[in-house]
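Below is one structure, written out as structure tokens; the observations come after it.
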Amino acid sequence: MTGKINCDKCGRYPIFYRRPYEGIVLCRRCFKDSIERKVRRTISKYKMFSPTDHIGVAVSGGKDSLTLLYILRKIEEGYPEARITALAVDEGIKGYREEALRLAESFTAKLGVNLRTISFKELYGKTMDEMVNALGLRFPCSCCGVLRRKALIELASRIGVDKIATAHNLDDEAQTVILNLIHGDPLRILMTGPTLDGGGSFIKKVKPLFLIPEKEISLYAYLTGIPFQSRSCPYASTALRNDVRAMLNLVEEKHPGTLYTIVHSAEKLRQASSKLFPKRTMRCKLCGSPSTSEICSSCKILKDI
Ligand code: SF4
Ligand code: ZN
Ligand code: ZN
């Protein structure tokens, strides 16, 4: 790379970003194009959408979800029969979620996208803060994450969404694979992935950003002028995910491409298992959603609440 001053793709503009896992350097324009192209390729490879879909994009007000909304809105312009609605969940976390929702509101208005919100209070009778106090939760994220997913599906079904797009990125996906191993729940690896077909009355979920590293999403958001919340959730520090993230960042820094290898290994595992055990999906006895045990995590949590 010594002495190199111009982009590897176009050769015309100065270097803006060095992509270690591909060994290339890119200018601003080629960097942005590469992200959008990768998202389009992912959508088409995994057949995430149909041209007439009503897509529900889960937005939290963070950089990942607003970037996803921005890119999908751009792609949607080429599909006049498709429709996008932004979906937000208000967990009720004081000093954190209000700002995120305000950002989501102003950004969706700017893009001309409809925003619909659902709250934990309305759905479960308690805000996240109230649950943490009432149940003395030591690790609020495990409960919050499960209830968030359920709330999202509920909101999506209420407004007749065909697919839910979430902004999970490459780092999230690799962390989830490792977390499933740490939690002793390897079968859960088979039940996640870039697309999750709910089956029956359940809405299909897709992750168009699952091959984009978090760092590149931040850069894309910065280049595009996408506003996002930088404050962290007050409960985030207790999450095991933070330690796994720190560990993987360290490994990725020293060995570029590790995150891709983890995510692709999980993909291989899913493909092999779908050939060996085509009907592997178990369903929760109470709510019928896909689950690795007889009663799904959200039904277990809701029983306690
Ligand atoms: Fe919920 Fe944890 Fe995310 Fe906070 S960090 S919003 S508690 S999942
Ligand atoms: Zn270039
Ligand atoms: Zn259930």
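The values are calculated or read from the model by the stated rules, or taken from the named source; none is laboratory data. Because the structure is a prediction, the values reported are computed rather than measured. Don't worry about glycine lacking a Cβ; one is built from the backbone with ideal geometry, like all the others, and counts go over all protein chains shown. Side chains included, ligands, DNA and RNA excluded: accessible areas come from the protein's heavy atoms. Shrake-Rupley method; radii C 1.70, N 1.55, O 1.52, S 1.80 Å.
Can you give the charge dipole size of the stretch 48-132 about its Cα centre, rounded to the nearest 20 debye, using +1 on the beta carbon of Lys and Arg and -1 on the beta carbon of Asp and Glu? The partial results should precede the final answer.
On the way: 11 positive and 13 negative charges, 28 e Å.
Computed about the Cα centre, the dipole is about 140 debye.
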Please work out the FRET efficiency for the pair N242 and S218, using the Cβ-Cβ distance as r and a Förster radius of 25 Å; give the result to the nearest 0.05. 0.90
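Could you order R188, R158 so the one with the most accessible surface comes first? Probe is 1.4 Å.
On the way: R188 75, R158 125 Å².
Result of the area sort, largest leading: R158, R188.
Compute the Kirkwood hydrodynamic radius of the stretch 1-45, taking the inverse of the mean of 1/r over all pairs of distinct Cα atoms, and give it in Å to one decimal.
Values: mean 1/r = 0.0909 Å⁻¹.
For the stretch 1-45, inverting the mean 1/r across all distinct Cα pairs yields 11.0 Å.
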Nearest 10 degrees is fine. How inclined is helix 258-276 to the longest principal axis of the chain, computing both from alpha carbons? 50
Just flag the GluC sites (Glu not before Pro) in the stretch 216-305 sitting in loop per DSSP whose Cβ has no more than 13 other Cβ atoms within 10 Å. E294
The stretch 175-305, dipole about Cα centre (Lys/Arg Cβ +1, Asp/Glu Cβ -1), debye to the nearest 20: 500
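Determine the dipole magnitude for the stretch 1-45: charges of +1 sit on the beta-carbon of Lys and Arg, -1 on that of Asp and Glu, nothing else is charged, the reference point is the Cα centre, and the result goes in debye to the nearest 20. The partial results should precede the final answer.
Numbers: 13 positive and 4 negative charges, 34 e Å.
Around 160 debye, computed over the stretch 1-45.
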Run the simple label-point estimate for F139 and Y13 please: 7 Å along Cα→C-beta, distance reported in nm. 4.4
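Of all DSSP beta bridges in the stretch 47-304, what percent run antiparallel (nearest 5)? Could the numbers behind the result be given before it?
Working: 4 of 21 bridges.
Approximately 20 percent, going by the DSSP bridge assignments.
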Report, in listed order, any pair from K45/K205; K121/K303; K74/K110; K126/K285 with a Cα-Cα distance greater than 22 Å. K126/K285
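Counting heavy atoms of the protein chains only and a 1.4 Å probe, report the per residue accessible area for the chain as a whole number of Å². Numbers along the way, then the final one.
Numbers: 15700 Å² over 305 residues.
With all protein chains present, the chain gives 51 Å² per residue.
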Where does helix 28-45 land angle-wise versus the long Cα axis of the chain, in degrees 0 to 90, nearest 10? 50
Roughly how many whole Å is it from the C-alpha centroid of the stretch 98-150 to that of the stretch 28-45? 30
Which whole-Hz ³J(HN,Hα) couplings does the stretch 73-85 yield from phi under the Karplus relation 6.51 cos²θ - 1.76 cosθ + 1.60, θ = phi - 60°, glycine and proline marked x? 4, 5, 5, 4, 4, x, 10, x, 8, 7, 9, 10, 10
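In whole percent, how big is the carbon plus sulfur part of the accessible area of the chain, probe 1.4 Å, protein atoms only? Don't skip to the end; give the middle numbers.
Values: 8420 of 15700 Å².
Whole-percent figure for carbon plus sulfur exposure: 54.
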Given the options G92, S65, S50, identify the residue whose Cα lies farthest towards the positive end of the charge dipole of the stretch 19-97 (+1 on Cβ of Lys, Arg; -1 on Cβ of Asp, Glu). S65
What number, rounded to the nearest 500 deg cm²/dmol, is the helix-based mean residue ellipticity at 222 nm of the chain, given -39500 (n - 2.57) per DSSP H run of at least four residues and division by all its residues? -15500 deg cm²/dmol
Can you tell me the relative contact order of the stretch 1-45? Whole percent, Cα pairs under 8 Å, sequence separation 6 or more. 28
Among Y124, T261, I217, the residue whose Cα sits farthest towards the positive end of the charge dipole of the chain (+1 at Cβ of Lys and Arg, -1 at Cβ of Asp and Glu, taken about the Cα centre) is T261
7 Å from Cα along Cα→Cβ at both R37 and E294: what's the point-to-point distance in nm? 5.3
Positive dipole terminus of the chain, leading residue within C299, A104, I164 (C-beta point charges): I164
